1. Can you spot the aspartates and glutamates whose alpha carbon is less than 17 Å from B:K196's alpha carbon? Ignore those fewer than 8 places along the same chain.
2. Over segment A:117-170, what is the mean sequence separation of C-alpha contacts under 8 Å (at least six apart), divided by residue count, expressed as relative contact order in percent?
3. Using Cβ counts within 10 Å as a stand-in for footprinting exposure, how do B:Y109, A:Y263, B:Y104 rank, fewest first?
4. Taking 8 Å as the Cα distance limit and 6 or more residues as the minimum spacing, I'd like the relative contact order of segment A:173-295 as a percentage.
5. Using +1 on the beta carbon of Lys and Arg, -1 on that of Asp and Glu, and nothing else charged, what's the dipole of the protein assembly as shown about the Cα centre, debye to 20?
6. How would you rank B:D147, A:D241, going from fewest to most other Cβ atoms within 10 Å of each one's own Cβ?
7. Explain nothing, just the number: relative contact order of chain A, from Cα pairs under 8 Å at least 6 residues apart, as a whole percent.
8. Which whole number in µm²/s is D for segment A:43-167 by Stokes-Einstein, with the Kirkwood Rh taken over Cα pairs at 25 °C and 0.890 mPa s?
Amino acid sequence: MKRRGRTLFVASFLAPAVAVYGLFVCWPVLQAFQFSMFRWKGISENKTFVGLENFQRLVEDKFFWQALEHNLWIVGVGGSITMALALAISHALQDQSRFTRFLRGTYLFPHIVSMVVVAILWMFVYNPSIGLLTQSIQKMGFSDFNVTWLADPKTALPAVSAAFVWYAIGFYVMLFAAGLKAISKDVEEAAELDGARGLRKFWRVTWPLLWSVKRVAVIHFIISALNIFALVFLMTDGGPDRKTEVMLTYLYEQAFENSQYGYSTALAVANFAIVMALSAFVMFVFRKDPTGARA
Amino acid sequence: MNVRKARRRKSPSGVEAVTALVGRAFVVLFALTVLLPFLWVIYTSFKSGHEITSSPWGIPATLRWENFSNAWQKASIGQYFLNSFLVTVATLAILIPIGAMAAYVLARYPFRGSQILYGTFLSGMMFPIFLTIVPLFFLMNDLGLMDTLTGLVAVYVAFSLPFTVFVLTGFFQTLPDDLAEAAMIDGCGDARVFWKVMLPLARPGLVVVGIFNAIGLWNEYSLALVLIPSEENRTLPLGIANLVMVQHYQSDWGALFAGLVIVMIPVMVLYWLFRDKIHETMLAGAIKG
């Protein structure tokens, strides 16, 4: 009797969450893999099974490769800048005074306001007529200076990436700060007594001890940079001439502007697979912790 | 102790002092690049459209509070605010109880397959929204939930569950057993123990999860973009994004900036009040996810 009561209790407590999660997350995920093998424009009679044709088309789609390249550019260039700055900032902010705690708190502001706010803010930074950047450069004496940051094919991608770095950095400062705090004071002081100081101490002692934090940071950045959507969608919508197109803005265009539902879902599956593969690769690269500590 | 003394005795060399100073300057400079754009948005929201276009950096001559009433009424920000508020509150009102119930059982009543179920919930933190977006779009159409705030709430609850279950399961695991056992001996059933004893104990965890989710829900853009096509159901992020597009033609910039302030201030205040807890929660999520 008691036993049956408990089973009922467990089941009834799990049921609501399982039902909602199953219907609106698990089921669409499963369907995504199915959809990706159909040619389908949204009218149910015309749903034809095409196997891997969508993926084959994807491989031959130069716009997709271009979009992926832009994502990877943001991972490579934006990621390196973010990591370097975040590491420098968190390293300089190690004491626990009120002032540093205040500063550390402010860095996360871009992360907690809506991506829509970040995008609009940076549209005003880059705006050619009333933009803060162009205006400031002109005020500094370069009155002929006129770059239409987001409309120029050469500057558009770096400009969008700068906005992304600005948005992302606070999170990594927080992450590295937690990593630095976890490094035992004894280790640091022992290193100092042994004569290791400044940069030498940093490279020999601090940097290797940040191993697991670095791994988390890199994977996290890869995931968020390969899933950029709102920022690019609002700032440039992939333009000019697809020079800032990323995977997800291309997916959105294929799905909700061209009604290529099967093809766009294949793109979504490919995006997911690329994220997983890159994360696995990073895990592999960082597989051996030289300090021997558990991650 | 000896080590500390040794450290104090050693006076910093000149090079170190300079490095520290450069570090300080750099850190403050970076804080300014983060804060100045936000301050700029806030004071610009009090300027007239003419002031904004003629001197973007300038301080407003008079505080034009009418920008806010224009945004609220003429630009429908009031309506969008109400929609966002309803969606956020309704989502939390469903999410927190059902998430806590599931987390409680997963944390304290192990059964065959409970680890798999927990893993399935956690895997949700890994799936990007866009993997599901097309199937979800058709599912909502089939269910008649397309373009409804109810539908948006249902989807938000589902997508917020993984993180909520993850944090709350961890929380329930740390609660001591004796209280639950004592209540059991007093004749309380499992469900009663949960509602009367364990849930009140978990209140700090519930608050953190609630605030964390509230911020994310208030800001959410991608799902709303696809699931809410009509104007009257827009949430704030959708409304503001749309306002930027139309401002290019109407150019009531003052109202647009007022709108931006209205979107960002609630989350900034909430974040600042709970920032230590929020940092902790984000770190926990990052290390797991």
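1. B:D177, B:D178, B:E181, B:D186
2. Averaging sequence separation for qualifying contacts and normalising by length gives 26 percent for segment A:117-170.
3. On the way: B:Y109 15, A:Y263 28, B:Y104 25.
Ranked by crowding around the Cβ, least crowded first: B:Y109, B:Y104, A:Y263.
4. Values: 80 pairs, mean separation 29.9, N = 123.
For segment A:173-295, the relative contact order is 24 percent.
5. Values: 46 positive and 35 negative charges, 466 e Å.
In total the dipole reaches around 2240 debye.
6. Working: B:D147 15, A:D241 9.
In order of increasing Cβ crowding within 10 Å: A:D241, B:D147.
7. Working: 319 pairs, mean separation 82.0, N = 295.
Reported relative contact order: 28 percent.
8. Working: Rh = 18.3 Å.
Using the Kirkwood radius from Cα pairs, D works out to 134 µm²/s.
Just so you know, all these numbers are worked out from the coordinates, no wet-lab data involved. Note that the coordinates shown come from a computational prediction; the quantities given were computed from them, not determined experimentally. In this analysis, Cβ positions are derived from the backbone assuming ideal geometry, glycine residues included, and neighbour counts consider all displayed protein chains.
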